[in-house]
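The values are calculated or read from the model by the stated rules, or taken from the named source; none is laboratory data. Here the structure is a predicted model, which means the values were calculated and not measured. We place every Cβ from the backbone using ideal geometry, glycine too, and count neighbours over all the protein chains shown. Quick note on the areas: whole protein, heavy atoms, side chains included, nothing else; ligands and nucleic acids left out. Shrake-Rupley method; radii C 1.70, N 1.55, O 1.52, S 1.80 Å.
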Amino acid sequence: MKRNFIIGSLAILFLSLLPGRAGDVRTIESFDAGWRLMQDDPGNAEQVAFDDSSWPAVEVPNDWSIAGPFAETNLAGGAGAFLPSGIAWYRKHFTLPAGDIGRRTFIEFDGVMANSDVWINGFHLGHRPYGYVSFSYELTGHLNYGGDNVLAVRADTSLQPASRWYAGAGIYRHVRLVETSPVYIPQWQTFISTPQVSQTQATVHAQVLVTNVDSRPHQIFLKISILGPDGKIITTAQTPSQTIASSGCAQFDRDIVIGNPERWDGEHPSLYQAQVEVRGPDASTAGQPADDDERVSFGIREYHFDADTGFWLNGKNFKIKGVCLHADGSAFGAAIPLGVWEERLKTLKSLGVNAIRTAHNPPAPEFLDLCDRMGFLVMDEFFDCWTVGKNPEDYHLYFKEWSKQDERDSILRDRNHPSIILYSVGNEIHDTPDAELAKGILKGLVEVAHATDPTRPVTQALLRPNKSHDYDDGLADMLDIVGQNYRENEILAAHDQKPTRKIIGTENHPDRPTWLALRDHPAYAGQFLWSGIDYLGESRRWPVIAAGAGLLDRTSGIKPIGYEYASWWSDRPMVFITRRIAPTERVSADPGFTPLDARPVLFPDWTPANPGPHTEDVEVYSNCKEVELFLNGKSLGVQEIHDDAAPRVWQVPYVPGELKAIARNGSGIAATDELVTAGKAARIVLMTDHKKIADDWNAVAFVRAEVVDEHGVLVPGADNLISFTTSGPGTIAAVDSADNACTDPFRADQRHAYRGECVAYIKANAASGRIEVSASSPGLKNAAITLRISGP
């Protein structure tokens, strides 16, 4: 399969340089293909002579754990979705031409889960325990030019439990091989910021570190070109030259003024690029190559938090309407094609969501690229624990030795993303009851963040701060922005106590009192709901494999609570009908959120389990001024929008037929929704928003199968086993449903419908052609749909 790799680190290098070799300025090569995998711990597997010929061939990103099987006895337990853990080895053979001698060669890993060790030709390059951090090693000096080279990686998740949610296993993110000249820009050492921004003018500041590992000094300068959102060069500037000694480095700084900038925001996420060329004295001559060359994507925007009025972006004051997201992609585990995230984020944006918290770790770099392109604000979070653990084998074992390096590396990697507005250095940290211990740690983490990126504020997701006295002992006020999980009245009281505090909700339960706390208090900058999407793990009981707290289910389907939030957060006129069969379940313990495996109480259908006479509680969510409800064409009355954001509720005597809501803003119809009583399951319907698909690792077509009656109405109780097949150049990558208690394998060609639906994920394996996807089930009429393969 062709790999259209999306580079997610700071440096987005010239694609025109690929896949050049000696003589080129810089080359970058995807190292995702050609690996072999062994889910075991054989001796001497790091050695070149080790025989790996019997190991299965794989491509990375690869999360071997997601293949299962699910088992109640798996050591990760419910926290790890009852999926397997252990030790796995990856080996890759490759050759480099003899002409590359004299160049510098690096291997870059975007993430290996976890406790990784890497060798090149038997030489140990290093160890990184944190599975969410990106890292690189230099291979120069250990390579066999013109012959066989072996890169070996050992990843170890055997000690469990190590996480409160599913984390995956193996080389689950992208890998690259990078070659440069001896005078080069090291990884993540180009930093672009916009210290002054107005509607008419922006100052772009470039800070670039250049290293010289040549045997002689080099006199160099930087040529910096700014490319606009259309890809055309706007302006070019040059830095004064500096002489860099052998084995030395130098920092270059340059301000560049841009007139009438296209400012980055949620509606217009305009992206610029800085093209940085490292040049010597004679490189100014036309046609002379640079010593090094890279492009960095950035956005021009000004934002700040205000203690009285909350969040401002480019002179506009609005609420941060965020959700927390864990890093799994359900059926894809931790190795997630970007198309899956794009579908999820597009759906969240349709509900009015404008921000993401990367709970509780640095995400894949291409995820941040996607947030940049789609206009999401991001809270970039680093740690779920400090020195006091939440699991016996979690990151607390490594925090003292690794936390500052992991934090620094993550900020260096991420600091050019315009989407990022906050760094969070901890979630619900259990060190805080010991004030002096916690304040000492926090001081160091804040210092690292400010030194590495002085342009962004730092927060922390405080848990029960009144109990640990964070507002009284000074810890909370060490943060640039005070963040607190849940207990909205508590953080508002802390602001009243000290009005200079800038405050944000870092994790919040999705309900009406939570929304009103944000809506009605200007100082409250925003909230991040737990959670945006259902996620694998954090289960309290078998066979539940996932937490059901999302606005979306694991297949990107919108839940009723998602539509309720759309009625509060979205500017697009909408209306949605659902039945309520019981009050929403709440846990008795503080902070009293809905259990992650709570039974459903909202049903968006007009097919109740009891078909006889009874009364249904009907809730209608809408942001329109008035809603009129009809049953079989008869009006059940009109209700105006409520000032307290409560849903509009009708008690409706049940009779089968059609329940319809018409929402109006004034005299015209703004939105409608209807529910129709379903009959007996008769056939399958296939639907997709992805009629075109690229032959690309990141491209995925969601094909949703619905079980409907003879009139095409979804049968909500249908649980038929749906079998999928493909013909043509395509494969079924995985299957899934919204059922959080289903332990069937994801890598399969059949799935039981849940509430009448399931999903097949289709990928192309050729550059062109058509893929026919078919679905069948005994007793139901089959269905088929055709996808066309197009360019990336």
Residue match in the range 144-153 (condition: part of a loop (DSSP other than H, G, I, E, B), closer than 30 Å to Gln39 by Cα and open to solvent by less than 10 Å² (accessible area, probe 1.4 Å)): no
Some residue of the range 494-506 being touching a strand residue (DSSP E or B) at 6+ places or on another chain (Cβ under 9 Å), part of a loop (DSSP other than H, G, I, E, B) and among the hydroxyl-bearing types (Ser, Thr, Tyr): no
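Mind checking which residues of the range 188-223 are charged (D, E, K, R) and either assigned to a strand (DSSP E or B) or open to solvent by less than 20 Å² (accessible area, probe 1.4 Å) (or both)?
Matches in the range 188-223: Lys223 only.
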Failed item, numbered, when Met687 is tested on (1) more than 30 Å from Ala71 (Cα to Cα); (2) touching a helix residue (DSSP H, G or I) at 6+ places or on another chain (Cβ under 9 Å); (3) open to solvent by 40 Å² or more (accessible area, probe 1.4 Å): (2)
Near pairs, Cβ below 6 angstrom, 6+ apart or cross-chain, from the range 740-754 (more than 16 Å from Gly80 (Cα to Cα)) to any residue that is of a type in the set (D, E, K, R) and open to solvent by less than 70 Å² (accessible area, probe 1.4 Å): Tyr754/Asp739
Out of Arg103, Arg91, sole residue that is open to solvent by less than 10 Å² (accessible area, probe 1.4 Å), in contact (Cβ under 8 Å) with a residue 60 or more places away in the chain and basic (Lys, Arg): Arg91
The range 557-571, subset in contact with a Gly (Cβ under 8 Å, 6 or more places away or on another chain) and hydrophobic (A, V, I, L, M, F, W, C), residue farthest from Arg648 (Cα to Cα): Trp569
Among (1) in a loop (DSSP other than H, G, I, E, B); (2) open to solvent by 20 Å² or more (accessible area, probe 1.4 Å), the one test that Leu83 misses: (2)
Of residues in the range 272-290 being farther than 30 Å from Ala202 by Cβ and at pLDDT 75 or above, the one surrounded by the most Cβ atoms within 10 Å (Cβ to Cβ): Gly280
Unmet requirement for Pro289, which otherwise passes all of (1) farther than 30 Å from Trp312 by Cβ; (2) part of a loop (DSSP other than H, G, I, E, B); (3) within 26 Å of the chain's Cα centre (by Cα): (3)
Residue match in the range 722-735 (condition: out of contact with any strand residue (DSSP E or B) (no Cβ under 7 Å at 6 or more places or on another chain) and open to solvent by 30 Å² or more (accessible area, probe 1.4 Å)): no
Boolean, Ile669 is in a strand (DSSP E or B), on the phi < 0 side of the Ramachandran plot and free of Cβ contacts under 8 Å to residues at least 40 places away in the same chain: yes
Odd one out for Lys321, checked against (1) among the charged types (D, E, K, R); (2) surrounded by fewer than 20 Cβ atoms within 10 Å (Cβ to Cβ); (3) closer than 19 Å to Ala523 by Cβ: (2)
Failed item in (1) of a type outside the set (Ser, Thr, Tyr); (2) open to solvent by 10 Å² or more (accessible area, probe 1.4 Å); (3) in contact with an Asp or Glu (Cβ under 6 Å, 6 or more places away or on another chain), with Ile185 passing the rest: (2)
Condition met for Asp156 (farther than 18 Å from Ile256 by Cα, out of contact with any helix residue (DSSP H, G or I) (no Cβ under 8 Å at 6 or more places or on another chain) and surrounded by fewer than 17 Cβ atoms within 10 Å (Cβ to Cβ)): no
Residue under evaluation Gly141, criteria (1) in a loop (DSSP other than H, G, I, E, B); (2) under 30 Å from Ser246 (Cα atoms); (3) open to solvent by less than 50 Å² (accessible area, probe 1.4 Å), criterion not met: (3)
Residue among Asp644, Asp673, Asp709 that is out of contact with any strand residue (DSSP E or B) (no Cβ under 6 Å at 6 or more places or on another chain) and open to solvent by 30 Å² or more (accessible area, probe 1.4 Å): Asp644
Conditions (1) under 18 Å from Tyr524 (Cβ atoms); (2) in contact with a His (Cβ under 9 Å, 6 or more places away or on another chain); (3) open to solvent by 40 Å² or more (accessible area, probe 1.4 Å): number failed by Asn466: (2)
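Residues are listed down the side, and each one gets a yes or a no for (1) closer than 17 Å to Val183 by Cβ; (2) modelled with pLDDT of 95 or more; (3) touching a Pro at 6+ places or on another chain (Cβ under 6 Å):
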| residue | (1), (2), (3) |
| --- | --- |
| Thr239 | yes, yes, no |
| Thr243 | yes, yes, yes |
| Arg263 | no, yes, no |
| Asp292 | yes, no, no |
| Arg301 | no, yes, yes |
| Phe305 | no, yes, no |
Evaluation of Val296 against (1) of a type in the set (Val, Ile, Thr); (2) part of a loop (DSSP other than H, G, I, E, B); (3) over 30 Å from Phe399 (Cα atoms) (one fails), failing number: (2)
Cβ-Cβ under 6 Å pairs, at least 6 apart or on other chains, the range 224-252 side without any contact (Cβ under 8 Å) to a residue 40 or more places away in the chain and assigned to a loop (DSSP other than H, G, I, E, B), far side among the small types (Gly, Ala, Ser) and open to solvent by 90 Å² or more (accessible area, probe 1.4 Å): Ser246/Ser215
Wholly enclosed strands (runs of 3 or more DSSP E) of the range 732-792 bearing at least 1 residues modelled with pLDDT of 95 or more and of a type in the set (Ser, Thr, Tyr): 757-764, 769-776, 783-790
